[in-house]
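The values are calculated or read from the model by the stated rules, or taken from the named source; none is laboratory data. Given the structure is predicted, the values throughout are model-derived calculations rather than measurements. Here Cβ is always computed from backbone atoms with ideal geometry, including for glycine, and neighbour counts include all displayed protein chains. The protein model used for the area step is the full one, side chains on, heavy atoms only, and it has no ligands, DNA or RNA in it. Shrake-Rupley method; radii C 1.70, N 1.55, O 1.52, S 1.80 Å.
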Amino acid sequence: MSEQIDNVLHENRAFPPSKDFQSQARLNSFEQYQRMYAESLQDPEAFWGRVAQELPWIRPFDQVLDWSDAPFASWFQGGQLNASAICLDQHVANGRGDKLAIRWEGEPGDRRDFTYRELLEEVGRFANVLKARGVQRGDRVAIYMPMIPELTMAVLACARIGAVHSVVFGGFSAQALADRIHDGDCCAVITSDGGWRRGKVLPLKQEVDTALATCKGVHTQLVIRRCGNEVAWDEKRDVWYHEAAEQVGSDCPPEAMESEDLLFLLYTSGSTGKPKGIMHSTGGYMVGAYLSARYIFDLREDDVYWCTADVGWITGHSYIVYGPMANGVTQVMYEGAPNAPAENRFWDICERHGVTVFYTAPTAIRAFMKWGDQHVKRHDLSKLRLLGSVGEPINPEAWMWYRKLVGGDRCPIVDTWWQTETGGIMISPLPGITATHPGCASLPFFGVDAAILDLQGNELGPDQGGLLALQKPWPSMLRGIWGDAKRYRDTYWSKWPGKMVYFAGDGARRDPDGLFWILGRVDDVINVSGHRLSTMEVESALVSHPGVVEAAVVGRPDELTGEAIVAFVIPQGGVTDDPLVIQALSDHVVHEIGKLARPAEIRLTEALPKTRSGKIMRRLLRDIASGREQVQDLSTIENPAVLDQLRGKKA
Ligand code: WTA
């Protein structure tokens, strides 16, 4: 990339929180933020030591941070705790057992509610089922499920017995699931017969069966009955959850986990190579998730909180399961699509359940805009008091629509920047303090030493676009990449030699007021609907098709999904106009990775533009894919004749 990123967005609108919101917020003065922020950087031991003590530890920690083996951090050494006990037991012990924890709604309209006490019982039972199947502390368990309460239970049950969960989003293909099960060396998989999506059953168990044909290390497939669809059965390996649950009790004491014991693996795409198993450990992650949820969502006892993400992504881990539950909130959970049965489903849910805090993604907001204002206007959303956005830069137009239509021009919007790797929100407005601006992620959260650096590691001045860097370790930071310590160091901590600084892979700028504006990825990662996909993985998927010689994949801007995948493919046996060829290639990518990776467009070509040294000229392809004028120097191109073909051929 070029050294500096051009910044074309000029946004001057500002929306301070209302007096009313401010007066009731957990944090409501800028001076207080500044004081706390300064302490969190200058004396992290004192700051985090104090915050951590708000959580119940089984054994107190001896030391807040050990960074002597950087970039391998150890937080809250000597301490023992259990994440499920923090999410459940403490609330029951503190007299909040009858408080509603989950208010769930299935896509067909069925409902289930769980109080904290009920959830604790269910999780205890679930944990005992896992134990009865021989799952032990330290074992990895893959979870591949729809958004039903058992998904949250499965996650917390693993945490309870000290097993490491590896949740794989239900939209991934059998092949992608198998890769992740292999890489994490999982011994069990938790799934369901199916899940509802736009009135159809997604056959999840069937996908797992396909995956498990190549995963011999998996001794147990635990199956929740959700849709009643027909499933194949392996008597030795497969277990119905409802049958196994009858054989066990609900009492399961939480394992005392060391602070640095692994809590979960979550796979994410990088710019090269296979997906990375991002490692998160227990103590630091819980402290980070707890505090960020509390202050950024300004959580209060009577809130009805709803995060529309899937638990299969980091947003669901940190802001459906661990963060909100550590704070003892009441939350809504929904299984299905936002337009099932109609485009007003989300607003209908908000109205019926009296949602007060709502957290969603820009891609969803853009879909709502497209579907039309009338679906929102039909509903009484006056209970809403705070809105959030995550996953990709939110364009000012969508931000304004969100504020006006959903937020009634009264709710602050927290545009939260973070990553699977950071574990929790890193840059965000604090809703009772910050005057928000459309498209602005605003201020670093406590303990986050964010800076904009150039390629040499120099800090850039106001309004200069550069690379977003985090200059200090933070509690919920990733602890590594599963099985690949070198890749962890190389990918995240080696961008600026001689400096132990975290490279996020995003471009950003800081305005003269010190606020951060995120500009998007600078590496070969495409952000489709807020989901990170590596160009490299999609290329590998294409090339694994016998009919493909070579492929190059780039992102182009897309109104709805933020970015869309465009693939340039050299087919075996020459270019054809046959739509079936393109369909087959597209299906092949879906088979290898999942529906989320289906290319928006595939262009067949006889050659790819390359430099004389043989590198594919991706920037050029990006321009071609998005129909931009090529202003680049084409003198280094080895095969200029290829350009016309690339521009002309459309799938
Ligand atoms: C992007 C999701 C702009 C960014 C929590 C980051 C954002 C990647 C924002 C991480 C935001 C996330 N504004 N960009 N508010 N939030 N991103 O790992 O490029 O799925 O690096 O974590 O999403 O995606 P991931």
### Summary
For region 520-648, shape from the Cα gyration tensor axes a ≥ b ≥ c, cut at a/c of 1.5 then a/b versus b/c, turns out oblate
### Query
Highest mean first, what order results for 94-103, 226-235, 181-190 on Cβ atoms within 10 Å?
181-190, 94-103, 226-235
### Query
If we sort 13-20, 510-517, 298-305 on the protection proxy, mean other Cβ atoms within 10 Å, highest first, what's the order?
298-305, 510-517, 13-20
### Query
What does the convex hull of the Cα atoms of region 416-530 come to per residue, in Å³, rounded to a whole number?
115
### Query
At a 1.4 Å probe radius, carbon and sulfur cover how many percent of the accessible area of region 58-113?
45
### Per residue accessible area of region 54-122, 1.4 Å probe, in Å²
42
### Task
Search the structure for amide H atoms under 5 Å from the amide H of Met257, placed 1.01 Å from N in the peptide plane, and list their residues when 5 or more places away or on another chain.
Leu81, Asn82
### Message
Give me log10 I(q)/I(0) at q = 0.10, 0.11, 0.14 Å⁻¹ for region 313-406, Debye formula, one equal scatterer per alpha-carbon, no solvent.
### Response
-0.26, -0.31, -0.52
### Task
Would you tell me the accessible area of Met536, worked out with a 1.4 angstrom probe on the heavy atoms of the protein chains, in Å² to the nearest 10?
60
## Note on the structure
Which residues qualify? For Phe445, with a placed amide H closer than 5 Å and at least 5 residues away or on another chain, they are Ile427, Ser428
### Percent of beta bridges antiparallel (DSSP, region 116-255, rounded to nearest 5)
15
### Query
Can you give the three extents of the C-alpha atoms in region 175-334 along their principal axes, from longest to shortest, in whole Å?
47, 38, 37
### Query
What fraction of the DSSP beta bridges in the chain is antiparallel, stated in percent and rounded to the nearest 5?
60
### Query
Gln572 to Ala256: extension gain in nm, 0.36 nm per residue of separation minus the Cα-Cα distance?
108.0 nm
### Percent carbon-and-sulfur accessible area, region 520-648, ignoring ligands, DNA and RNA, probe 1.4 Å
52
### Task
Could you calculate the contour length gain from Glu550 to Asp348, that is, 0.36 nm times the residue separation minus the distance between their Cα atoms, to one decimal place in nm?
68.0 nm
### Task
Taking every Cα atom in region 116-255, find the radius of gyration and the maximum pairwise distance Dmax, and write them in Å.
13.9, 40
### Query
lysines near Lys370 by alpha-carbon distance under 21 Å, same-chain residues fewer than 8 away left out - which ones?
Lys404
### Query
Gap in Å between the Cα centre of region 368-439 and the Cα centre of region 256-300?
23
### Query
Taking only DSSP H segments of four or more residues, each worth -39500 (n - 2.57), what value at 222 nm results for the chain once the sum is divided by all its residues, to the nearest 500 deg cm²/dmol?
-8000 deg cm²/dmol
#### Entry: Cα centroid of region 31-73 to Cα centroid of region 112-169, whole Å
29
### Task
Run the 1.4 Å probe and let me know the accessible area of Val248, rounded to the nearest 10 Å².
30
### Message
So, for region 520-648, what is the accessible surface per residue at a probe of 1.4 Å, expressed in square angstrom?
### Response
46
### Query
Per the Debye formula with a single identical scatterer at each Cα and no solvent contribution, what log10 I(q)/I(0) holds for the chain at q = 0.05, 0.07, 0.09 Å⁻¹?
-0.22, -0.44, -0.74
### Message
Quick check on my link table: of Lys200/Lys383; Lys99/Lys205; Lys274/Lys495; Lys99/Lys276; Lys131/Lys216; Lys472/Lys595, which ones sit more than 28 Å apart, alpha carbon to alpha carbon?
### Response
Lys200/Lys383; Lys99/Lys205; Lys99/Lys276; Lys472/Lys595
### Task
Give me the percent of DSSP beta bridges within region 214-349 that run antiparallel, rounded to the nearest 5.
50
## Note on the structure
Burial-style ranking of 475-488, 31-44, average other-beta-carbon count within 10 Å with highest first, yields 475-488, 31-44
### Message
Can you tell me, using C-alpha contacts under 8 Å and at least 6 residues apart, the relative contact order of region 520-648 as a whole percent?
### Response
22
### Query
Gap in Å between the Cα centre of region 180-201 and the Cα centre of region 441-460?
38
### Query
Once the principal axes of the Cα atoms of region 304-348 are found, what is the range along each, listed largest first in whole angstroms?
33, 21, 10
#### Entry: Label-point gap, in nm, between Ile58 and Asn12 - each point 7 angstrom along Cα→Cβ
5.9
